[in-house]
Every structure is written in C-alpha cells, then in structure tokens.
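*Asks:* I'd like to ask you about the structure that follows.
The values are calculated or read from the model by the stated rules, or taken from the named source; none is laboratory data. Bear in mind that the values here come from a model prediction, so they are computed numbers and not experimental data. So basically every Cβ, Gly included, is an ideal-geometry build from the backbone, and we count neighbours across all protein chains shown.
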Amino acid sequence: MSQVSEVVIRIGGFKIEIQQSIFVWLCICVVAMFFFYFAGKKIEKTDPSKAPKGLVYVCEELYNLILYVVQGNLKETTTRYIPMFGTLILLMVVANLTGLIGLQNPTSNVSFNATLALTLWLMIQGNAIKKNGLKARLKELTEPMWLLTPLNIIGELALPISLTMRLFGNILAGSIITLLVYTLIKNLAPWGYFGLTLTPFLHMYFDIFSGVIQTYIFFTLGSFFLGQQVSKEED
Amino acid sequence: MEFNQFFVQGMALLGAGIAMVAGLGQGIGQGFAAGKGAESVGRNPEASGKIQSIMVLGIALAETTGIYSLVIAILLIFIKG
C-alpha cells in the first residue's frame, strides 16, 4: 500500500527493514514489559490495608477497566482468563492510540489484527476442548442436525476473520481519512492551515473514540464466545 | 495490451465505488438502532447510561458489514487502481 513506510535499522553490517507499524508494535511491547515489571514490583511492596496511591492506583483502575469488559461474559471463570485478556486489551488500546502522536497505528496493519484474533480464537477452541472434551466439541458442530455441519464449521472460522476485518477496516479508514486531510492542508497552504482547526476533531473521533470502541467490541465478542464455551454449565 | 491494463484499472475503481453501496444497509441499521435508543431513553430516562452503552455496542456491531465493503474498496483501490 502507498502509505506503508519502513524503518531501517543498522547494527554494524546488518541492515533490517521493518514496516513502521510493526516497529511501533515492538516498541509498545518493550515499554509495556518494563511498565508491568516495575508495577508488579511496586504492587508487591504496597500495604494492602491502605488506600492505593500513584502507580498502584493506576494499575487498579486498569484492572477494573478490564473487569468491566470481560466480567459480564466470563462470569465465574473471569480470574482464570484475566491475564490473557488484560495484556491484549492494554496492548490494543495503546496501539490504537499511537495515531495521536503521529505514528502509524500497528492496528492499521492486518498482520497485527490477525495475530490478535487468531490468538483469541485458538484460546477459545483450546479451552472449549479442554473443558468439554474433543468428542462433545465435535458433537456440538453437528447440532441441530448433521446436515448443518459445514455451516457450523464456517461459522466457527468466521470469527477470527470478522474480528480482524472489523478492527482493520475501522482503524485503516480512520488513518487514511486523517492522512487525506493533512495532505489537503499541505496542498492548499497557506489558506489550508485553517484546516488545522478541524483535525483535532478527526483525531478525537477516529483515534480515541473509534479505537477504544473497537477494542471494547473486539474483546467483548472474544470473551462472549469464550464464556459460551467455558461457563456453560453455570448458566 | 495497454487498453486492457487501463480497462482493469477503471473497472477496479468502479468496483470500489459499487462496493460502497453496502453503506446503505449499514446506515439504515445504525439509524434504526439509534432511533430505538432515543425512544427507550424517552420512555425510561433513569437507565440512559445502560441504554447508551448497549446502543453504542450495537451500532458498532452493525457497522461491520459496512467495514467489510470498505476493506474491499480499499483493497481494490490500492492493489488494482
């Protein structure tokens, strides 16, 4: 695509070319790693009887945010799956918000979205098989009658594709529209600079609103399908 | 030969435009959801927060089909156009 820009890293004689979105993703991973490491160390030291302050408070609120997304669907099994969902939700929110600082969103690259969706899908299928057994899982595909098996299989396979495409389309459309407006501003200079009064609203809608809503939907759907498989007997 | 190339390009751009007709259904669906949301807030103003969050979720889900067509249009434009 036209807007893919590449970052070239030179270490001695080596030359590595990676796309900017993937590079941003790797940077987010490194930053998140350090953040969680230090936050975990700090949380271990804090006194649980006192009111939380600073970093610990931020972490608690993040935890509540994740609970808000997944708890309604996972019910009793929430604590078992929260490390996975928490990591992915925080990573994706940060990835969606990087458009605000002028970098390319990792989520506007289809491989990032497909990785997340496939991870989620494999987790759902794996846990479903672990919980109910392979036989029951295969039997579920033949319901309500054996003739519908191909349709059921397509329905299962549609989940990662639809998750990927929904997120990809939203974020890519947002970044393309923002890019077009910026190009127009540059082409129409100096009068075009009045257009800069419009761009904060574009960023508000496409980066903040759309990004956060899409993250919410992605993981609501993911946890809904997981909850259907895992916390079935509690209903 | 050259004619064929331009023909493919033009047809791809035309196809991108036609693909976006899917926005019609999406618009109707989202408008319907928003209208029902406004109606239910009018009927039960205390539950407006809950209604709003459900409405936003439903609207964003209804957006999916439109997004598919958008992805197809973008692919046509950037790969063939």
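*Asks:* Among the listed residues A:Pro144, A:Pro150, which satisfies the condition of being more than 14 Å from chain B (Cβ to nearest Cβ), out of contact with any strand residue (DSSP E or B) (no Cβ under 6 Å at 6 or more places or on another chain) and either of a type in the set (Phe, Trp, Tyr) or outside any helix (DSSP H, G or I) (or both)?
*Replies:* Result: A:Pro144 is the single residue among A:Pro144, A:Pro150 that is more than 14 Å from chain B (Cβ to nearest Cβ), out of contact with any strand residue (DSSP E or B) (no Cβ under 6 Å at 6 or more places or on another chain) and either of a type in the set (Phe, Trp, Tyr) or outside any helix (DSSP H, G or I) (or both).
Quick grid of which residues meet (1) at pLDDT below 85; (2) out of contact with any Phe, Trp or Tyr (no Cβ under 7 Å at 6 or more places or on another chain); (3) more than 14 Å from chain B (Cβ to nearest Cβ):
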position: A:Ala158; (1), (2), (3): no, yes, no
position: A:Met165; (1), (2), (3): no, no, no
position: A:Phe168; (1), (2), (3): no, yes, no
position: A:Leu172; (1), (2), (3): no, yes, no
position: A:Thr178; (1), (2), (3): no, no, yes
position: A:Val181; (1), (2), (3): no, yes, yes
position: A:Pro190; (1), (2), (3): yes, yes, yes
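*Asks:* Further, regarding this structure: For the condition more than 14 Å from every other protein chain (Cβ to nearest Cβ) and exposed (fewer than 15 other Cβ atoms within 10 Å of the Cβ), what is the one hit in A:Lys135, A:Lys131?
*Replies:* Selected residue: A:Lys135, the only one of A:Lys135, A:Lys131 that is more than 14 Å from every other protein chain (Cβ to nearest Cβ) and exposed (fewer than 15 other Cβ atoms within 10 Å of the Cβ).
*Asks:* Sort out which residues of the range A:96-114 are in contact (Cβ under 8 Å) with a residue 60 or more places away in the chain, assigned to a helix (DSSP H, G or I) and over 13 Å from A:Phe206 (Cα atoms), and write them in order of number.
*Replies:* Of everything in the range A:96-114, those that are in contact (Cβ under 8 Å) with a residue 60 or more places away in the chain, assigned to a helix (DSSP H, G or I) and over 13 Å from A:Phe206 (Cα atoms) turn out to be A:Pro106, A:Ser111, A:Phe112.
*Asks:* Checking the conditions here, which among B:Ala12, B:Ala22 is away from chain A (no Cβ under 14 Å) and closer than 23 Å to A:Val110 by Cα?
*Replies:* B:Ala12
*Asks:* Among the residues that make up the range A:194-209, is at least one of them in contact with a Leu (Cβ under 8 Å, 6 or more places away or on another chain), part of a helix (DSSP H, G or I), surrounded by 18 or more Cβ atoms within 10 Å (Cβ to Cβ) and within 11 Å of chain B (Cβ to nearest Cβ)?
*Replies:* No, the range A:194-209 contains no residue that is in contact with a Leu (Cβ under 8 Å, 6 or more places away or on another chain), part of a helix (DSSP H, G or I), surrounded by 18 or more Cβ atoms within 10 Å (Cβ to Cβ) and within 11 Å of chain B (Cβ to nearest Cβ).
*Asks:* Picking from A:Ile213, A:Ile185, A:Ile217, which residue would you name as being crowded, with 16+ Cβ neighbours inside 10 Å and more than 14 Å from chain B (Cβ to nearest Cβ)?
*Replies:* Just one listed residue meets the conditions, A:Ile185.
*Asks:* Which residues, taken from the range B:25-76, are facing chain A (nearest Cβ under 10 Å) and of a type in the set (A, V, I, L, M)?
*Replies:* Passing the criteria: B:Val56, B:Leu57, B:Ile59, B:Ala60, B:Leu61, B:Ile67, B:Leu70, B:Val71, B:Ile72, B:Ala73, B:Ile74, B:Leu75.
*Asks:* Quick check on the range A:1-50: of everything there that is aromatic (Phe, Trp, Tyr) and in a helix (DSSP H, G or I), which residue is farthest from B:Gly81 (Cα to Cα)?
*Replies:* A:Phe38
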